[in-house]
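The values are calculated or read from the model by the stated rules, or taken from the named source; none is laboratory data. Just so it is clear, the model here is predicted, and its values are computed rather than measured. Because the Cβ atoms are built from the backbone with ideal geometry, glycine has one as well, and the counts that use them run over all protein chains shown.
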Amino acid sequence: MKKVAFLLIILLSAFAPGFAQSPGSSLPGSVKDSATGKPLAGVSVFLNSTSKGTITRDDGSFLLTGIPPGRYQLIISAIGYQTFVTEITTRNLPPSLKVTLHNKASDLEAVTVEPYLKDGWKKWGKFFLDNFVGTTDNASSCSIKNREVLRFHYYLKSRRLSVTAVEPLIIENKALGYDLEYRLESFVCDFSTNIISYFGYPFFREMTADNTERQQRWERNRRFAYLGSQMHFMRSLYKGRLQQDGFIVEHEIQVPNIEKERVKSLFTPNVTKTDSIPIDTLHHYWAMLREPDFFIQKVKSYDSLVTVNPDQTRSFYFTGDFTVIFGNGHLGIPYNESSLELMYPTQIEIEENGAYYPPQTLLSKGHWSITEKIANLVPRDYGMYGDQPNSP
């Protein structure tokens with residue numbers, strides 16, 4: 001079986017009206033209809049990758065409280081309207097946010113409806129579940145309740161599978177104790193490159209356990225899903241705690257070719273007189289001059305991985321493959337190897353909450369390509385207030 005790399009573009013969000021609020025920043029605002037100017041009530045307002053959300057009141061106003069430190073996408077969504085997405089940061093929250101939602105019906109004339117496979121689920125359903133929900137132990141306790149809203153499109157010429165959804169997916173995760181509502185924006189598998197990418201806007205509602213034992217099992221499963229995850233790695237990277245938190249990293253660095261530098265200082269072709277230079281030495285000189293100026297060497301090092309910018313944001317950059325190993329024998333977590341690759345050379349901005357931007361630039365391979373799926377996801381604010389450990 002061919003190994004499939006996984007382009008991690010999972011834009012998570014969580015929404016839970018009525019949750020007890022944790023200390024944090026707040027954001028007030030209002031939502032109106034763009035055509036009529038009338039306030040919209042009952043609109044979902046939530047942060048991606050968190051359990052922080054609310055709904056608009058009768059007058060269209062909302063107050064989003066308990067925002068954990070960091071940078072987030074704010075999602076504002078209502079049935080029949082285009083989803084509104086904007087970026088906010090607790091470093092510079094606006095005093096208020098006024099949003100107008102556009103009716104989807106106004107754009108129907110410009111939309112071309114593509115035909116989809118009527119037997120799509122029968123042909124591609126298992127493939128979709130394996131690569132969207134996952135194949136880990138948690139995945140066996142995870143189910144999509146309304147799979148009939150999925151639409152499968154296969155393009156024979158480009159060998160691409162695309163999956164869309166006409167309504168939010170309703171996902172039940174009994175392993176972690178979450179109900180998810182996932183607005184699938186894109187799921188694409190390119191069979192010519194074996195790269196799978198997907199993103200969307202899910203929100204999490206925490207299930208209510210009917211007994212203490214089940215609640216403790218959920219908490220244990222959430223902790224094990226978090227430890228060694230990409231979110232755990234990014235948080236540790238941000239805080240400079242990779243080694244303390246149990247991560248081993250190997251990355252490529254450029255090492256100068258010292259012998260070539262030495263030879264260049266002694267010998268210049270067509271300039272240096274060769275009468276007194278032994279033939280073996282000349283052969284060595286010519287061979288060294290054909291070598292590169294730098295060698296690529298893979299090292300285990302935690303130095304110079306993160307740049308702290310003047311505004312105290314942090315940037316992460318690497319070249320080639322970046323390998324991450326994590327395990328914990330005391331907790332019974334086996335050591336697994338993952339790797340990251342930049343789709344194009346750019347600085348990755350990382351946040352205290354484990355988010356990184358732009359998300360579509362990182363290609364995950366190895367262990368993370370298997371585990372970073374819906375069945376193993378915890379909300380972005382998991383552990384942000386010390387309710388769960390950040391390290392083993």
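Remarks
- Of all residues in region 231-278, those that are of a type in the set (Gly, Ala, Ser), at pLDDT 90 or above and either surrounded by 19 or more Cβ atoms within 10 Å (Cβ to Cβ) or assigned to a loop (DSSP other than H, G, I, E, B) (or both) total 3.
- Matching residues, region 199-214, being of a type outside the set (D, E, K, R), free of Cβ contacts under 8 Å to residues at least 40 places away in the same chain and over 15 Å from Val378 (Cβ atoms): Thr208, Ala209, Asn211, Thr212
- Filtered residues of region 168-195 (kept if part of a loop (DSSP other than H, G, I, E, B) and closer than 28 Å to Trp218 by Cα): Pro168, Lys174, Ala175, Leu176, Gly177
- Qualifying residues in region 313-341 (those that are in contact (Cβ under 8 Å) with a residue 12 or more places away in the chain and in a loop (DSSP other than H, G, I, E, B)) - the one nearest to Arg91 (Cα to Cα): Thr313
- Yes/no for Ser304 being part of a strand (DSSP E or B), out of contact with any Cys (no Cβ under 9 Å at 6 or more places or on another chain) and of a type in the set (Gly, Ala, Ser): no
- Gly134 vs. criteria in contact (Cβ under 8 Å) with a residue 24 or more places away in the chain, within 19 Å of the chain's Cα centre (by Cα) and part of a loop (DSSP other than H, G, I, E, B): yes
- Criterion (hydrophobic (A, V, I, L, M, F, W, C) and either within 30 Å of Arg205 (Cβ to Cβ) or not assigned by TED's automatic domain parsing to the domain that holds Glu206 (or both)) met by exactly one of Met288, Met343: Met288
- Any chance Ile350 is in the same structural domain as Ser141 (by TED's automatic domain parsing) and either under 14 Å from the mean Cα position of the chain (by Cα) or crowded, with 18+ Cβ neighbours inside 10 Å (or both): yes
- Residue under evaluation Arg151, criteria (1) within 23 Å of the chain's Cα centre (by Cα); (2) not in a loop (DSSP other than H, G, I, E, B), criterion not met: (1)
- For region 205-225, the set of residues classified as in a strand (DSSP E or B) and either loosely packed, with under 15 Cβ neighbours inside 10 Å or in contact with an Asp or Glu (Cβ under 7 Å, 6 or more places away or on another chain) (or both) consists of Arg205 only.
- Any chance Gly228 is outside the structural domain of Ala78 (by TED's automatic domain parsing), surrounded by fewer than 19 Cβ atoms within 10 Å (Cβ to Cβ), touching a residue at least 40 places away in the same chain (Cβ under 8 Å) and within 30 Å of Lys298 (Cα to Cα): no
- Any hit, region 141-148, residues being over 26 Å from Thr371 (Cβ atoms) and in the same structural domain as Tyr182 (by TED's automatic domain parsing): yes
- All positions within region 209-231 that are within 30 Å of Ile348 (Cα to Cα) and among the polar types (S, T, N, Q): Asn221, Ser229, Gln230
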